[in-house]
Every structure is written in structure tokens, then in C-alpha cells.
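Notes to accompany the following structure.
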Amino acid sequence: MRERTDREPARVGEDAAAQARRALSRLDAWLEERGLKHSRQRNVIVEAFFEMGGHVPVEALVARVRDQDARVSVATVYRTMKLLAECGLAIPRRFDDGQTRYEPAGQRGHHDHLICTGCGQIVEFENERIEELQVRVARSHGFEVESHKLELYGRCQSCRAARRKAKEATP
Ligand SMILES: [Zn+2]
Ligand SMILES: [Zn+2]
């Protein structure tokens, strides 16, 4: 089983700047095909997104982008991230807190998530046996799986340790 947390973002041979450049050229080509113009603001948003890495809440991205350029509107950030998802460069995620997050696509391929309900830490994992089992369960009900999302909610190690300490402190 492979896993990774947002605290140690993936750097599989390519840094955030290179990732952003590659994404931008793909986005430009994609926009051109559809007769859409590219914009400087969009570049700022895409660069900030890849710099942040991991599972980026749109609201946090808005704050980061507007730090750099206060003229960028919230709507532009949302629209840009939608475009990025449509052309396959970002994956939208919506966990139980109701926030929309995006994570960079590619590199990692399919994975599922463990989410800490204490501190919000997100861990990615991939488990072949779980993947197979899901296909088998679906088949036994006459289904063919096209996609799935598996989210496990609970307390991470450090939140559990903090809880134990708090319990020990109360007599
Ligand atoms: Zn936690
Ligand atoms: Zn993920």
C-alpha cells in the first residue's frame, strides 16, 4: 500500500514551477482549440495552485492569488479551476466539510483518501486489494464500476495522541 500526506507533497522528479509551466501550455492549447483566449490572471492562478500542491481548498487559493494580484475576482478563480479540471489537469474533491478542493492530476493516478476530522490532514493511499474487492462487490450486484471515491474519516495519529494526553490530564 502506497500512501502520502499533504505535509509531504509529491515531487516526482518535477518541481511545482515545472508542473505549472507544463499545465499552462496544455491549458493554452486546450483553450485555443476552443477559440478561447488565454489571460495573464489565469496564469497567476494556475501557478499559485501548483505551488500550493496537495488538496487545495478553492477559498485558500483565492486568498493566495489575491495576495499577488488583488484584481483577480473570486469568480475568475472558480472558473479557471473548472477549466483546469475539464482539461484533465486538476481533480475536484469534495470531502465532508463541504469545501471544494482541487488536487493536481497526473503523476499519481487513481488514489483514495483518509481524512482527519480533527486537524483536517489528508492522506492519500492506494490499495490493490480494496480496488479489486470493490469491483467484485459491484459485479455481484450486476454492476460494472466506472469510477469510485473512497473516503475514510477518523483521527490521525497526532490527533489521537493529543486526545490521549488530554484524557490523562483530566483526573
Ligand atoms: Zn489530525
Ligand atoms: Zn488526493
Can you work out the FRET efficiency for the pair H111 and C159, with r the C-beta to C-beta distance and R0 = 25 Å, to the nearest 0.05?
0.70
If each DSSP helix of 4+ residues adds -39,500 (n - 2.57) and the sum is divided by the residues in the chain, what number results at 222 nm, nearest 500 deg cm²/dmol?
-15000 deg cm²/dmol
Neighbour net charge for P92 - beta-carbon separation under 12 angstrom, K R +1, D E -1
+3
For the stretch 37-96, Kirkwood radius (reciprocal of mean inverse C-alpha pair distance, Å):
11.6
How many nm separate the modelled label positions at L133 and R4, each set 7 Å beyond the Cα in the direction of the Cβ?
2.4
Once you wrap a convex hull around the alpha carbon atoms of the stretch 76-135, what is its projected area averaged over all directions, in nm²?
5.3
Springs between alpha-carbon atoms under 10 Å, Gaussian network over the chain: tell me which of A138, A29, A18 tops the mean-square fluctuations.
A138
Per residue, in Å², the accessible surface of the chain once ligands and nucleic acids are set aside, probe 1.4 Å
65
Which of these, L83, L36, L150, has the largest mean-square fluctuation under a Gaussian network model of the chain (Cα springs below 10 Å)?
L36
The local net charge around I115, scoring Lys/Arg +1 and Asp/Glu -1 for residues other than I115 whose Cβ lies under 11 Å from its Cβ, equals -3
Is any residue of the stretch 124-166 close enough, with backbone N under 13 Å, to a label point placed 7 angstrom from the Cα of D96 along the Cα-Cβ axis, and if so, which?
151-156
State the percentage of accessible surface on the chain attributable to carbon and sulfur atoms; use a 1.4 Å probe and exclude ligands, DNA and RNA.
49
Work the Kirkwood hydrodynamic radius out for the chain: mean of 1/r over every pair of different alpha-carbon atoms, inverted, in Å.
18.1
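The values are calculated or read from the model by the stated rules, or taken from the named source; none is laboratory data. Because the structure is a prediction, the values reported are computed rather than measured. Cβ atoms come from the backbone with ideal geometry, glycine included; neighbour counts cover every protein chain shown. For the accessible areas, the whole protein counts, side chains as well, though only heavy atoms, and no ligand, DNA or RNA atoms are used. Shrake-Rupley method; radii C 1.70, N 1.55, O 1.52, S 1.80 Å.
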